[in-house]
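Heads up, the thing below is written out as structure tokens.
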Amino acid sequence: MHYISTRGQAPNLDFQDALLTGLARDGGLYVPEVWPQLSADDLRALAEMDYPAAAARILAPFAEGIGVERLAAMIDEAYAVFDDPGVVPLRPIGEGQWLMELFHGPTLAFKDVAMQLLGRLFDHVLEQRNQRVTIVGATSGDTGSAAIEACRDHQAIDIFILYPEGRVSEVQRRQMTTVLSDNVHNIAIQGTFDDCQALVKQMFDDLAFRDEIAMSAVNSINWARVVAQVVYYVTSAVALGAPETPVSFVVPTGNFGCVFAGYGAARMGLPVHRLVVATNRNDILHRFFQSGEYRTDGVVATQSPSMDIQVASNFERLLFDLAERDGEVVRGYMDGLANEGGFRVGRAELDRARKIFDSHRVDEETTTATIAELHRETGILIDPHTAVALRAARDLDLPGPVVTLATAHPAKFPEAVERACGVRPELPAALADIYQREERYTVLPNDLARVQAHVRQHRRQDK
Ligand SMILES: *Cc1c(COP(=O)(O)O)cnc(C)c1O
């Protein structure tokens, strides 16, 4: 299995190299040259397996160089840390309606599902090659803690996470700063999230520095993160009757990684009725699926911050298929985005997208009302990201069993949930003492040279 760039001008890579490289050298994203296929019999066989066994079966053809047994062992370890025996359990919430709970990992958001495996894959490949990396990332909250939990204590990795001082919630900060492993380095930047992102970008652009520290990233465009998310679409659909019964999925969407994995599952042969892209007021994707025009329009802060995006970094992977895998066409779109703030696809491309995708936008008041509505009906608490998707699931007329992806635990957003329904969700037992734990972090000014000096000084070498 080889991976090709969506812009058609970077070398093809195998799984291990795509994993370590992240962004392609031509600025594109890696996608599989062909999608492995799951037959109806393969799907029936998956229905008999537990989550880790199904994951090993689904992921093996994507990661040929790793070895099936080694891969299965990493998957077993990754999902043993989840606090539900089903890993991603389905919960009924009404006639033909389900929530898929993706928040049973250590940091209470769906990003753990991919990150827990990614950390182990990184460690394995680095050890085989006798290499080390320094992962540097910026976070506005959720991604940083998931990445830290995934990389903590791994010998071949140092991880530096930059977050804006005083601008992440206390739970989010403590989920990062109370990890005291000596390969974990939290940096509170005196600036905004955009400043943090700009610092990381400048470090990547400083090629000498980048090579010196063997810099790498685990952001959401990493192919291994996307493919790990394909698994839960397949396992939930077979649990609800696939291949005989096709399923619809409704996905709270920001950077388009999670919902692209659903599209990947369909490309592999999973019968999927509809894939719904649910957005908050930051609706660039909703506007695209309605009109064929993809145009930036500023970012507003909402109660579902992990979906507050200006452009969706993984969307390029879908564009590549809509353009019938012509990298030159994708380059044209991306030039339009960079130079004119947007582009429009043709009728044929939009029709191709709409064959499987629907979209819906949900405003703040309706999000709050939806948290209250589900609580009134069932007693179940959901977080604001999940509420955006549930509203879409209920407002659109979708065929088949409808699965709404629950991407964060309600206790991760206690203020929003309490405001909506008067009940304050409690943290799971594993995190109950987080307010008492010791924190460790360094405060630095928004100054590239200071941050680079800190990274040089604190990364461990040759251990
Ligand atoms: C990251 C995130 C999302 C958005 O996922 P994308 O893959 O970026 O579309 C939705 N909900 C929560 C809670 C998240 O952390």
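The values are calculated or read from the model by the stated rules, or taken from the named source; none is laboratory data. Because the structure is a prediction, the values reported are computed rather than measured. Neighbour counts are summed over all protein chains in view; Cβ atoms, including those assigned to glycine, are modelled from backbone coordinates with ideal geometry.
Pairs are defined by a Cβ separation below 7 Å, a sequence spacing of at least 6 or placement on different chains, a first member in the range 439-460 that is free of Cβ contacts under 8 Å to residues at least 24 places away in the same chain, and a second member that is surrounded by 14 or more Cβ atoms within 10 Å (Cβ to Cβ); the pairs so defined are 450/444. One residue stands out among those in the range 128-151 that are in a helix (DSSP H, G or I) and polar (S, T, N, Q): the one that is farthest from residue 84 (Cα to Cα), which is 128.
Of all residues being aromatic (Phe, Trp, Tyr) and more than 8 Å from the ligand (Cβ to nearest atom) in the range 248-264, which is surrounded by the most Cβ atoms within 10 Å (Cβ to Cβ)? Just the residue, please. Looking at the filtered set, the residue picked out is 249.
For the range 205-221, the set of residues classified as crowded, with 16+ Cβ neighbours inside 10 Å and outside any loop (DSSP other than H, G, I, E, B) consists of 209, 213, 215, 216, listed by residue number. Determine if the range 390-399 includes at least one residue that is under 30 Å from residue 24 (Cα atoms), more than 16 Å from the ligand (Cβ to nearest atom) and either in contact with a Ser or Thr (Cβ under 7 Å, 6 or more places away or on another chain) or modelled with pLDDT under 95 (or both). The answer is no; no qualifying residue exists. Inclusion of residue 261 among residues that are in a loop (DSSP other than H, G, I, E, B) and of a type in the set (A, V, I, L, M) is not warranted. Residues of the range 268-325 that are modelled with pLDDT under 95 and on the phi > 0 side of the Ramachandran plot: 298 alone. Of all residues in the range 83-119, exactly one satisfies the criterion of being assigned to a strand (DSSP E or B), charged (D, E, K, R) and under 17 Å from the mean Cα position of the chain (by Cα), namely 101. Taking the range 21-61 as the range and being of a type in the set (S, T, N, Q) and more than 22 Å from the chain's Cα centre (by Cα) as the test, the residues that pass are 37, 39. The residue pairs whose first member lies in the range 76-95 and is within 13 Å of residue 114 (Cα to Cα) and among the polar types (S, T, N, Q), whose second member is at pLDDT 95 or above and assigned to a helix (DSSP H, G or I), and whose beta carbons are closer than 8 Å, counting only pairs six or more residues apart or on different chains, do not exist in this structure. Might you check whether a residue that is in contact (Cβ under 8 Å) with a residue 24 or more places away in the chain, buried (at least 21 other Cβ atoms within 10 Å of the Cβ) and either assigned to a loop (DSSP other than H, G, I, E, B) or touching a Pro at 6+ places or on another chain (Cβ under 8 Å) (or both) occurs anywhere in the range 120-127? No, the range 120-127 contains no residue that is in contact (Cβ under 8 Å) with a residue 24 or more places away in the chain, buried (at least 21 other Cβ atoms within 10 Å of the Cβ) and either assigned to a loop (DSSP other than H, G, I, E, B) or touching a Pro at 6+ places or on another chain (Cβ under 8 Å) (or both). Sub-6 Å Cβ pairs linking a first residue in the range 166-192 that is more than 15 Å from residue 146 (Cβ to Cβ) and touching a residue at least 40 places away in the same chain (Cβ under 8 Å) to a second residue that is of a type in the set (Phe, Trp, Tyr) and crowded, with 22+ Cβ neighbours inside 10 Å, at least 6 apart or interchain, are 185/160, ordered by first then second residue.
What are the residue pairs meeting all of these: first residue in the range 378-395, first residue surrounded by fewer than 24 Cβ atoms within 10 Å (Cβ to Cβ), second residue not in a helix (DSSP H, G or I) and not hydroxyl-bearing (Ser, Thr, Tyr), Cβ atoms under 6 Å, and 6 or more apart or on different chains? Once the first residue is surrounded by fewer than 24 Cβ atoms within 10 Å (Cβ to Cβ) and sits in the range 378-395, its partners that are not in a helix (DSSP H, G or I) and not hydroxyl-bearing (Ser, Thr, Tyr) give 378/93; 381/425.
Quick check: is even one residue across the range 190-199 acidic (Asp, Glu), away from the ligand (no atom under 16 Å from the Cβ) and out of contact with any helix residue (DSSP H, G or I) (no Cβ under 9 Å at 6 or more places or on another chain)? So far as the range 190-199 goes, yes, one or more of its residues are acidic (Asp, Glu), away from the ligand (no atom under 16 Å from the Cβ) and out of contact with any helix residue (DSSP H, G or I) (no Cβ under 9 Å at 6 or more places or on another chain).
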